[in-house]
Every structure is written in C-alpha cells, then in structure tokens.
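The values are calculated or read from the model by the stated rules, or taken from the named source; none is laboratory data. Owing to the predicted nature of the structure, the values given are computational and were not obtained by experimental measurement. Cβ placement follows ideal geometry from the backbone for every residue including glycine, while neighbour counts extend to all protein chains displayed.
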Amino acid sequence: MLTLVGRDNPGCDTGIYRTTRIPSRHPSDLALVLNRREYHEIMARPVLPYAAIYGRERPASIPRADLAAPASPDLPPGTPFGVLGASSILLRETRSLKGHPFSGSPGQYLHAGLQGTDTVDYADDELCGVRILITQPNRAKESARYKTTVGERVVILGEFPVRKADAGGRPVLDTTGVPDTSFKVRFPANTPYLMQGVDCLGRTLNTDMTWQSLRAGEVKTCNGCHVHGKPGLPFAGTAAARPGFRPAVLGEGTVPLLAGGRGASVQVEQKPGWGVQYEWGRDVFPILQRRCASCHAGASAAAGLVLDAPGTGDGSTYYRLVVDRSQRHVPADRKYSQPIRKPQLTKYVRMLTARGSLLYWKALNQRVDGRTDEQYGPSSPKGWEDVDFGPSHPTGITAEELAVLARWLETGTAAEAGALIDTTPPALTLAARAEGQAVTALLVGTADVGSGIEPGSLEVCVLGADGRCAQTLTARAEAAGVTTVALPRPLTDAGVEVRARVRDRAGNVTEVRRTVAWLLTTVRPATSAAARP
C-alpha cells in the first residue's frame, strides 16, 4: 500500500515503543524506544535479565552457529555456505489447524499468505523433492517497477529429489517404516530463503511463507516439516545423517530443476546461472501467443478469455489472469460463482500453485489439484473455493513450456522490468589461518544469488588506527568458494581490524570487518573426511 501511494518504505515501519501503564488504553500511553529511517523495526521483544527467565546469571556457554558443528569437507573454514537438513518431508504438519488450508472456514485462506500451507490435495507418494527459493530485498527504486502476488520477488535457487533406493532398487525406509525422505542441502549463507515441497515435475504441493537464513558454516536440521503437534523423527537416525552422505549443492553456477520421473528415479535438468526467475513479458506471454492466441483473441475470444493483449494494465491478458478479482473481464455466464479471495487470485490463477490454477489445467488439459469437478458443489462447505475444469481443452504446448508456466505461477506471477533486478547482496565471510596467537593468512568466502560474484571486485585490507586502509592485500574472489589471501607478515595485535569488500555483477556490495581477536576464534583443528560424524 505504501508503495502504491509513492512512499519509499515497502512495509509498516512504525517504530518500537514501551507501555507506561498496564493495561495500556491509548497510544498516548506509549513511550518511544526507537524509530529511525535506517531501520525497519519489527516484532520487538521485551528485554529481561537472563536470570529472570532461567534462574541463573548467565548460560554456561553460547556456541557460535558457525563453530558448533565439527569441521566438515562440506563446510571448510571460511565457507560462505551453510547446510540445511530435515529428517523427512512426509512427516509434516503443513495443513492449517482445522484441516485443509483452503477449505472449511473461509478465514483459513490467510494461512496461504502468512505461514504457508499445502497448496492442493495430494498423496504422500507425490512428494518427490524440495525447492529452495531466495527472497530478494525490496528497495524503493525497484518497488514501483514490478508486479507480484506475494509482495516480493523470488529466485529459484534449485530443486532436488529426496527419495532413495537401495542397490536392488527398493525404497530406503526410515525408522518409522515409510520411505526415507531426509535431505541435506548446501547453499549461500546470510540469504533469506523459503522452502517448497514439490512433485517429480517440480510442481508445488506445499509452500513455506516464513523466511529463514543460515549463518556461514552453520548446520541446521529439523525433525520433520513444521512438526509441532506430534513427536518428530530425529534427524540423527536418517540416511542424510550418515557418514559420507553428500548434500545437494546450490548456488554454485548451476540451478537443478526436477524434470520428471518417479520415486528415486528422477530426472534433474541443470540450468546455468546463479538462480532462475520467470517474468510475464519475457517468459510467459510469448508462450500464450504461440499456443493460445489463435483461439483466445479479440472480441470473439474463446470462453471470453483474451490471451493476446500485451502489457499489464487493465484489460491486458496479465490483468485478466492475475489481477481481475472482481471478474470485470469474465463473461457473465462464465463467472466464478463465489467472491474471489485468497488463495484464489482470479478465476484462472491460485496463489503460488500451478496444480491449483485453472490456467495451468487448461494448458495441460487435465485437472491436477487432487479433486474432480463433481466433488464439491456450490452448496458444499468447500464449494466456495473450488473452480471447475470444464470441457476437454487440447493444446500444443510443450513440456518445457508447461514447466515455465508452472514455475512462474509458483513464484508469484512476476511481471515488468523490476522483477528481474538483482538486489541480493553477496555472501561474504572472513576467517583465518594462524600459528599460536598470530594470524598468518586470511580465508575469504564469497558466493552470490542472482547475478554471481564479480571476481575482480574483491578488496581486502588491514585497517590502521584511523580506520583507513593501511595495507592492501591483492586477491580475486571465488565465484562460490574460499580464497586464501597471504599476509606479508603475521597479524598479532588483537585489536587490529581487517576489512573485506566484494561486489556482484549487479552492483550489490557486501562489506565485512573483523578484528584479529575475532579471526583467531575461527581457527579450528583440521578434521579428516573419514572422521566426519
């Protein structure tokens, strides 16, 4: 809303306040704590003494996330990556409290935009893999230059299968007796990400809407998918936790995308790049022009749906498919019988799902949301959010074009020039090699999502007492890895700072400053691959 009225802040930035009386009865009861333009203060927490919560003055220790796990070949010193894992994608609580997220009480549609939910009806055996999405920061100069149904632009970092088979081709089972769907995946740290459970064609079955991120060197695992109401499956007992299990690797110059198959036999297509995005005018509208416009054009468009109108404004094909919630451009005899509300964006598109969108069904000539047209009538409690497929609709669309259409629907139906602008800063880490209390070399980790690292942009220097660069160190950044920077002489003063700065090909810059004292804490004893737990 603020973007639409010309403000340069994409969210509600009102500051942090404390109450001067309890109960507070009016905003005048609030005393300002902090409200500055350079911060987006949100979800403040009360600050209490540690002893008031835990009954002792301080914890015995607080291990750093990047040093908590034993050294591993997957995360060498200075790594710009983290590892995410889960014990199962079958053991999950991805439906809302009262059942299917898009059924029953109409108010449950809120889950689609806030926490995320199952997107269609599906069976466990359809869950095939995981998609990692990176969310791009919103900045003023891009905010008015793109359209998306999720409020942000997202990048597909990659998809990977999770089912496994033994030497005889039989499914590997976990300790609960169901197929083992545990996984580990490595990708750039300090980057906000979302997860989606997908079928073997990479089509979304459930989606997360709550950002997370990994610290460099961190290994984060969970005992299922959003399992809070029942016992989880310990990650330690799964196939992904065994010695020698190698994680899926994302963010290193190729983007894996699932391309069909079944069970543990899944085809994976490798696309070059640092992430994949889909935009209406570049990727989707040309498909509709080639495959659909011969019937869906002008005043005599089939079913009253015009699919050859360029642009994104009122009356355009994009508007009719994605924006027209009021159904102004839908013929009276074809209007959806219930008021349109999320997750249904229009008659043709459902939020973040191809398998739930009529547009995709018609392109595929098959309803694929796990329902039938006869299943729910208008009088059914679930009828308010059920769109019918209708008559058969053969098309000449290719499997590759279907995949583009599906992933565009599942990443927010992005449109216009700003949708493809990279605003994600590079991942940059600083670590060290040392002899005793002297730093002898620097380890600089670099990785980037979106456009990739500019190798020649790396700047490393030792700062003087005035904060300026007193000693410049020459090195080139790795596209996705660790650069060793030799020091002409060891650094022994614990208070001296080292600064590193790197730029990606879109011009985003990350800078890191670390003291010698901090760098010494990054030095870890070498651990052989054979000894890895």
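Side notes on the structure shown:
- For the stretch 438-462, the set of residues classified as without any contact (Cβ under 8 Å) to a residue 60 or more places away in the chain and either closer than 18 Å to Pro192 by Cα or in a strand (DSSP E or B) (or both) consists of Ala438, Thr440, Ala441, Ile453, Glu459, Val460, Cys461, Val462, listed by residue number.
- Residue in the stretch 320-331 that is surrounded by 18 or more Cβ atoms within 10 Å (Cβ to Cβ), under 20 Å from Ala354 (Cα atoms), free of Cβ contacts under 8 Å to residues at least 60 places away in the same chain and charged (D, E, K, R) present: yes
- Within the stretch 235-248, the set of residues being within 30 Å of Glu478 (Cα to Cα) and either in the same structural domain as Leu443 (by TED's automatic domain parsing) or buried (at least 18 other Cβ atoms within 10 Å of the Cβ) (or both) comprises Ala240, Pro247, Ala248.
- A search for C-beta distances below 7 Å between a residue of the stretch 144-160 that is within 10 Å of Ile132 (Cβ to Cβ) and any residue that is among the basic types (Lys, Arg) and surrounded by 19 or more Cβ atoms within 10 Å (Cβ to Cβ), counting only pairs 6+ apart in sequence or on different chains, returns Ile156/Arg131; Ile156/Arg407; Glu159/Arg131.
- Residues (assigned to a loop (DSSP other than H, G, I, E, B) and crowded, with 24+ Cβ neighbours inside 10 Å) located in the stretch 388-411: Thr411
- For the residues Gly151, Gly169, Gly232, Gly177, the requirement of being part of a loop (DSSP other than H, G, I, E, B), in contact with a Pro (Cβ under 9 Å, 6 or more places away or on another chain) and surrounded by fewer than 21 Cβ atoms within 10 Å (Cβ to Cβ) singles out Gly151.
- Selection status of Ala475, in contact (Cβ under 8 Å) with a residue 12 or more places away in the chain, surrounded by 12 or more Cβ atoms within 10 Å (Cβ to Cβ) and over 27 Å from the mean Cα position of the chain (by Cα): yes
- Qualifying residue in the stretch 182-194 (condition: within 30 Å of Pro339 (Cα to Cα) and touching a strand residue (DSSP E or B) at 6+ places or on another chain (Cβ under 7 Å)): yes
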